[in-house]
Each structure stands twice: as structure tokens, then as C-alpha cells.
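Here the structure comes first, spelled out in C-alpha cells, and everything after it is commentary.
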Amino acid sequence: MARIAGVNIPTNKRVTIALRYIHGIGPTKAAELCNTVGIAAERRVQDLSDAEVLQIREAIDRDYMVEGDLRREVAVNIKRLMDQGCYRGIRHRRGLPVRGQRTHTNARTRKGPAKPIAGKKK
């Protein structure tokens, strides 16, 4: 099992799919990485040599912010918005949708399970 950026990536999947298990790398960046390193996208992780895995690891360290650093930066950005007291920060603080979605119905992912209101009939 190859370990890249602190993540064990699955060995039986194609390289472009396996790289997506790293937080901060999606389909586009995975394909980009394969092109820069010179690995065919349809190759499997188990077929990669140690040198190729090392090349991928170095390219990720050099060019991309992933895993812990990325999570930390996102958390700092959200905290900055909350400290400013801007609209987006207030929405984050209250646990409501941030990007203009409706809250009259839906929004259950952000708001949590529905709380019954006492005494409300009909």
C-alpha cells in the first residue's frame, strides 16, 4: 500500500482515482499530477515502482497544499470571517447555510435534526 501525504492510497485502483483519496486533490489535480510526473492515467497503483511513488510524493509536496495544511488554512479562513463578524462569519457561527440557500424548508444538513416546537398544533 502506497503512502502519500500521510494517506494510505488503495493499491488496486487506477492512479488518478487513488490520488483523490488525498484531501485537496480532485479529478483535475490528479490528472495534472499524472501528466507532470509522466505516468499513464490508466496504470494501477500496485504497478508503480518506488521511484514513481517518490516522484508523485515530491510533486505533491512541491506544488500543492494538501491534508493537514489545507484543513488548517480553511479553518483559519472560517475563523477570520467569524472574528470579523461579517455576514458569512455570522452564518458559520450560527450553523446555518452560508451561500444563500433557503432555510424555510430543507437545510437539514447544516441545521441538524428538526426540533419540535412545544404547543404547536395543526
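The values are calculated or read from the model by the stated rules, or taken from the named source; none is laboratory data. Note that the structure is predicted; figures quoted are calculated from it, not measured. Cβ placement follows ideal geometry from the backbone for every residue including glycine, while neighbour counts extend to all protein chains displayed. Ligands, DNA and RNA are stripped out before the accessible areas are found, and what is left, the full protein with its side chains, is counted by its heavy atoms. Shrake-Rupley method; radii C 1.70, N 1.55, O 1.52, S 1.80 Å.
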- [ ] Specify which labelled value, from (1) 9.1; (2) 7.4; (3) 11.6, agrees with mean projected area of the Cα convex hull in nm² derived from the coordinates of the model shown.
- [x] (3)
Task: Exposure ranking of MET65, MET82 by accessible area [1.4 Å probe, largest first] - done: MET65, MET82
- [ ] Putting +1 on Lys and Arg Cβ atoms and -1 on Asp and Glu Cβ atoms, find which of GLN84, GLY26, ILE9 reaches farthest to the positive end of the dipole of the chain.
- [x] GLN84
- [ ] Give the angle, between 0 and 90 degrees and rounded to the nearest 10, that separates the Cα long axis of helix 67-84 from the longest principal axis of the Cα atoms of the chain.
- [x] 30
Open item on the list: If amide hydrogens are placed 1.01 Å from N in the peptide plane, which non-local residues have theirs closer than 5 Å to the one on ALA2?
Closed with: ILE9
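Show me the trypsin sites (Lys or Arg not before Pro) within region 1-100 that DSSP assigns to loop and that have at most 12 other Cβ atoms within 10 Å of their Cβ. Show your work: numbers first, answer last.
Values: sites: ARG3, LYS13, ARG14, ARG20, LYS29, ARG43, ARG44, ARG57, ARG62, ARG71, ARG72, LYS79, ARG80, ARG88, ARG91, ARG93, ARG94, ARG99; in loops: LYS13, ARG43, ARG99.
Taking region 1-100 and a limit of 12 other Cβ atoms within 10 Å, the loop trypsin sites (Lys or Arg not before Pro) found are ARG99.
Can you work out the accessible area per residue across the chain, with the rest of the protein chains kept in place, probe 1.4 Å, in square angstrom? Working shown, then result.
Values: 8780 Å² over 122 residues.
I get 72 Å² per residue for this part.
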- [ ] Enter the angle in degrees (range 0 to 90, nearest 10) between the Cα long axis of helix 50-63 and the first principal axis of the Cα atoms of the chain, meaning the one along which they spread out most.
- [x] 40
- [ ] With everything on Cα atoms, drop me the angle between helix 27-37 and the longest principal axis of the chain, reported from 0 to 90° to the nearest 10.
- [x] 20
Open item on the list: Let me check against my output: what whole-number percent is the relative contact order of region 1-64, with C-alpha pairs under 8 Å and at least 6 apart?
Closed with: 35
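Taking only C-alpha pairs under 8 Å that are 6+ residues apart, what is the relative contact order of the chain in percent? If you can, show how the numbers build up before the last one.
Values: 117 pairs, mean separation 21.8, N = 122.
Dividing the mean separation by the residue count of the chain yields 18 percent.
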- [ ] Return the calculated 222 nm mean residue ellipticity for the chain, to the nearest 500 deg cm²/dmol, obtained by summing -39500 (n - 2.57) across DSSP H runs with n ≥ 4 and dividing by the residue count.
- [x] -14000 deg cm²/dmol
